[in-house]
Amino acid sequence: MKEKAAKKEKVSRVAMPEQKPEIRRRNFDEVPTGYTVAMAQEEAARCLQCKKPGCVDGCPVSVDIPGFINLISQGDFTGAIRHVWTKNALPAVCGRVCPQEIQCEGKCIVGKRGEAVAIGNLERFVADWERENGTGALPPQAPSTGKKVAVVGSGPSGLTVAGDLIQKGYDVTVLEAFHKPGGVLVYGIPEFRLPKAIVAQEINFLERQGVRLKVNAVVGRTVSLDELFEEGYEAVYLGVGAGLPRFMNLPGENLIGILSANEYLTRANLMKAYRYPDVDTPIPKGKNVVVLGAGNVAMDSARTAMRLGADSVKIVYRRSRDEMPARAAEIHHAEEEGIEFFLLTNPTQFKGDQKGRLTGMECLKMELGEPDDSGRRRPIAIKGSEFHMDTDLVIVAVGSGANPLLTQSTPDMELNKWGYIVADPETGKTTKKGVWAGGDIVTGAATVILAMGAGRKAADAIHQYLTWGW
Amino acid sequence: MFKIVKREEMAEGTVILNKIEAPMIAKKAKPGQFVILKANEDGERIPLTMADTDPDKGTLTIIYMVVGKSTALFKTLKVGDTFQDVIGPLGKPTHLEKLGKVVCVGGGTGVAVLHPITRALKQIGNNVTCIIGSRTKDLLILESQMKAASNDLRVCTDDGTYGHHGFVTDVLKEVLEAGDVKLVVGIGPVPMMRAVANLTRPFEVKTLVSLNPIMIDGTGMCGGCRVSVGGETKFACVDGPEFDGHQVNFDELMLRLQAYCEDEKACYEDYCTLREAT
């Protein structure tokens, strides 16, 4: 056994083929192009099939990773995808956007001495294989309970709840405020990271299982939470996302050419404005683009601006490289595509012309001081370091807050001091009877998979509540 | 899908009225609120404040001016055709209160927005004077409806072809000077609203305006509709669309409305050329 393991260590990870940076920086096609069957089986063979797999512990939705990888190595792709579905309703999404390096792959034993098994790539492979070659057979479903559940928000956590509860025999309706379902998967994450056809397919898969989707339904406006109960829903899950853009509150911030990342990405992704004028929604095309912030949303914004034809795209961030919140892979992809990084730099004001259009930004250089509340070293301005940066498009990607639209219209549900919904971390239960919540509206901006994990726990709790009454 | 059940052309075909089946929205909507409409799959999301609703029949009415590609596309929709998406009701409803003498001032298609607000203010017992205006007689809309919705209707045209020869602000000034006005609601093009707010300021009469900046989602998510009100940034979609006219930075709003004007102009011209060719 020891010998077998040692042998496998020498086999390096099968690299995912991807578009070359100089090509992809000007198109919206997906960057990694996917494993072939041979590549997937070769990579699957690297898995040690641990008796106590760390990878499963590292997965917020506890996918049986060795189980599905074993089925891939046996060539049973249908079996593999069905095995994944028992724990994860959105494998084609998770295979692409999960931060595997700090979750499943971060705990992989093979990774201790070399490169971890490419679990994300394999998950993506089976989901794609099913989409392209599968029979379309649905997972098994429990007999109908005759009980109605409403899910508010069709992002990753809402869809997870819908997928779990439909399989448990509930009548599930998902309400979405936008005209298209998918939440952040559709309006936020760009086509080149997560093709929208794939999101549509995953949602169609839920619809085929019986999940009802109501778009254009703004809960808090079109219908209130209490009205949902009056309509006969016995439990409601709130997965509405954070959804309130933060700005810098600097002079000149309302000049034309300064957009929140939410607006910029929604135009590009949901409204497909990168195809303007073939579609009707325009998007500002900056020559010298600046993105404020260094998280995944900032990387997505910067890479989108590059694809829209910018001459230069700069990430401006007030801390140093070590503190950048984006995934290493995203930063790497951005750098490969020619995005420049202005670290330890902070804007102080925006400058515009007489027409109210942005022309530039005043900045200060920063240095790192003592750690602050977040545990990261606090950036401090360096005296006399003022300098000017020309820019005609600034995208503000410095995080988001809690959108009050729904919570304001629901006064009997407790919120914390930042306006996020107070929910039991183990069950998602809120202080309002029959209402659960999860994802960014509880935790603040986080990842797709954490939102899905919260959805999974809430779905279990809703099932218990509707079965036993607690 | 949201079916158009009635369609009218007004103001020489430059302004279109659509009555649309949208029962959920019609049931909920209150004066001052808006909807977002999208004609088809590739369409733009266009915010329009509702001109009327009929909760019993499940319909809402919008009245819009054809100004660009999206509204030109809306104009091609006939009775029986559908909007792919209608979202709402959005924004805060008008704060309705019995105050006494109230003046409602409308210009252009702003008159349509003003209509349900005027009616509601009268219904709760206010004495409502309504002043509406347009460039010329043939462009005036909703005269009979506004007459019915108010206690006293005054009409102005810029060219003097009908009613008072001059601007709505001329008449408003007279009414303000007569005294006792407790509230002015001014809805129309931004320069008109700015003029109304500037006029009422020395009289210290509370003045509401309804703003329609560029926006996408209408739920506070994109921040595209930010306006400066009293030195603070507000989102028109969730904090408005109505604001204290004395606090609004109209200059900034006018500039921000021009954000996509070059793109839009090119797009509209292409669309018109294409339509003429086919």
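The values are calculated or read from the model by the stated rules, or taken from the named source; none is laboratory data. Note that this is a predicted model, so its numbers are computed, not measured. Cβ coordinates were reconstructed from backbone atoms using ideal geometry, including for glycine residues, and neighbour counts include every protein chain displayed. Each accessible area value is taken on the protein alone, full model and side chains, heavy atoms only, with ligands, DNA and RNA left out. Shrake-Rupley method; radii C 1.70, N 1.55, O 1.52, S 1.80 Å.
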Item to complete: Name the residues of the stretch A:194-243, by number, that are at least 40 Å² less accessible with every protein chain in place than in the isolated chain; the surface is that of heavy atoms, probe 1.4 Å, without ligands or nucleic acids.
Response: A:Asn216, A:Arg221, A:Thr222
Worksheet entry | Shielding of A:273-280 by partner chains, average beta-carbon count, 10 Å | 5
Fill in: More than 20 Å apart - percent of Cα-Cα pairs taken over the stretch B:195-278
46 percent
Discussion item. Above 22 Å lies some portion of the pair distances; for the stretch A:341-447, what is it as a whole percent of all C-alpha pairs?
Written reply: 56 percent
Worksheet item: What fraction of the Cα pairs in the stretch A:184-311, stated in percent, has a spacing above 17 angstrom?
Response: 68 percent
Worksheet, complete the sentence: Per residue, the convex hull enclosing the alpha carbons of the stretch B:4-97 has a volume in Å³ of 98 Å³
Worksheet, complete the sentence: For chain A, the percent of accessible surface on carbon and sulfur atoms (probe 1.4 angstrom, ligands and nucleic acids excluded) is 52 percent
Discussion item. Please compute the volume of the convex hull spanned by the alpha-carbon atoms of the stretch A:235-289 and report it per residue in Å³.
Written reply: 122 Å³
Worksheet entry | Percent antiparallel among DSSP beta bridges (both partners in chain A, rounded to 5) | 40 percent
Worksheet, complete the sentence: For the stretch A:456-469, in residue order, the Karplus 3J(HN,Hα) values (coefficients 6.51, -1.76, 1.60; θ = phi - 60°; whole Hz; Gly and Pro = x) are 4, 4, 5, 4, 4, 5, 5, 4, 4, 4, 7, 8, 10, x
Worksheet, complete the sentence: Computed over chain B, the relative contact order (Cα-Cα under 8 Å, seq sep at least six) in percent reads 16 percent
Practice prompt. Run the dipole for the stretch A:145-294 about the Cα centre, Lys and Arg Cβ at +1, Asp and Glu Cβ at -1, nothing else charged, and hand back the magnitude in debye, nearest 20.
Written response: 540 debye
Worksheet item: Across every pair of different alpha-carbon atoms, what Kirkwood hydrodynamic radius in Å does the stretch A:304-392 reach?
Response: 14.6 Å
Fill in: Whole-Hz couplings from phi, Karplus 6.51/-1.76/1.60, listed for the stretch B:252-260; x for Gly and Pro
5, 4, 4, 5, 5, 5, 8, 3, 10
Practice prompt. Using only Cα positions of the stretch B:80-170, each an equal point scatterer, no hydration layer, compute I(q)/I(0) via Debye at q = 0.13, 0.15, 0.18, 0.21 Å⁻¹ and quote the log10 values to two decimals.
Written response: -0.49, -0.62, -0.80, -0.96
Worksheet, complete the sentence: Of the candidates A:Val442, B:Ile46, B:Asn126, the farthest towards the positive dipole end of the protein assembly as shown (Lys/Arg Cβ +1, Asp/Glu Cβ -1, centred on the Cα centre) is A:Val442
Item to complete: Can you give me the three principal axis dimensions of the protein assembly as shown from its C-alpha atoms, in Å, biggest first?
Response: 99, 68, 57
Worksheet item: Stokes-Einstein D for the stretch A:45-103 at 10 °C, 1.306 mPa s, Kirkwood Rh over Cα pairs, in µm²/s?
Response: 134 µm²/s
Item to complete: Work out the charge dipole of chain B with +1 on the Cβ of Lys and Arg and -1 on the Cβ of Asp and Glu about the Cα centre, then indicate which of B:Phe74, B:Ser150, B:Val184 is farthest towards its positive end.
Response: B:Ser150
Item to complete: Give me the orientation-averaged projected area of the Cα convex hull of the stretch A:71-198, in nm², one decimal.
Response: 9.3 nm²
Worksheet item: Under unit Cβ charges (Lys, Arg +1; Asp, Glu -1), what dipole magnitude, rounded to 20 debye, does chain A have relative to its Cα centre?
Response: 640 debye
Worksheet item: Can you give me the relative contact order of the stretch A:60-191 as a percent, contacts being Cα pairs under 8 Å and 6 or more apart?
Response: 20 percent
Worksheet, complete the sentence: Inter-chain shielding metric for B:218-231, i.e. average beta-carbon neighbours from other chains within 10 angstrom, reads 6
Discussion item. Checking the cross-link filter: which aspartates and glutamates have an alpha carbon closer than 13 Å to that of A:Lys147, excluding same-chain neighbours under 8 positions apart?
Written reply: A:Asp171, A:Glu231, A:Glu234
Practice prompt. Using only protein heavy atoms and a 1.4 angstrom probe, determine the accessible area buried between B and A, summed over both sides, in Å² to the nearest 100.
Written response: 3600 Å²
Worksheet entry | Cα centre as origin, Lys/Arg/Asp/Glu Cβ charges: the stretch A:212-360 dipole, Debye | 580 debye
Worksheet entry | Expected 222 nm ellipticity per residue - DSSP helices of 4 or more, -39500 (n - 2.57), all of the protein assembly as shown, to 500 | -9000 deg cm²/dmol
Worksheet item: In square angstrom, what is the accessible area per residue of the stretch B:1-150 with a 1.4 angstrom probe?
Response: 38 Å²
Practice prompt. Quick one: check the C-alpha center-to-center distance for the stretch A:268-284 versus the stretch B:219-278, whole angstrom.
Written response: 17 Å
Worksheet, complete the sentence: PRE zone check, label point 7 Å out along Cα-to-Cβ of B:Met1, amide N under 17 Å, scope the stretch B:43-66, hits B:43
Worksheet item: Of the listed peptides A:14-27, A:444-457, B:83-96, what is their order by residue-averaged count of other C-beta atoms within 10 Å, with the highest listed first?
Response: A:444-457, B:83-96, A:14-27
Discussion item. I'd like to compare A:232-244, A:189-201, A:375-387: which one has the highest average count of other Cβ atoms within 10 Å, and what's the full order after that?
Written reply: A:232-244, A:189-201, A:375-387
Item to complete: For chain B, find the longest principal axis of its Cα atoms and tell me its angle to the long axis of helix B:110-123, 0 to 90°, nearest 10.
Response: 50 degrees
Discussion item. Given the options B:Leu274, B:Ala26, A:Met39, identify the residue whose Cα lies farthest towards the positive end of the charge dipole of the protein assembly as shown (+1 on Cβ of Lys, Arg; -1 on Cβ of Asp, Glu).
Written reply: A:Met39
Discussion item. From the gyration tensor of the Cα coordinates in the stretch B:183-228, what semi-axes in whole Å does the equivalent ellipsoid have, largest first, with each one equal to sqrt(5λ)?
Written reply: 26, 10, 8
Worksheet item: Among B:171-179, A:123-131, B:51-59, what's the highest-first ranking by average C-beta atoms within 10 angstrom per residue?
Response: A:123-131, B:51-59, B:171-179
Practice prompt. State the volume of the convex hull built on the alpha-carbon positions of the stretch A:236-329, expressed per residue in Å³ and rounded to an integer.
Written response: 153 Å³
Worksheet item: With heavy atoms of protein chains only and a 1.4 Å probe, what residues of the stretch B:251-267 have at least 40 Å² less accessible area in the full set of chains than alone?
Response: B:Leu255, B:Arg256, B:Ala259, B:Tyr260, B:Asp263, B:Cys267
Worksheet entry | Shielding by other protein chains, B:32-44, mean Cβ within 10 Å | 3
Worksheet item: In whole percent, what relative contact order does the stretch B:149-207 give with Cα contacts below 8 Å and a gap of six or more residues?
Response: 24 percent
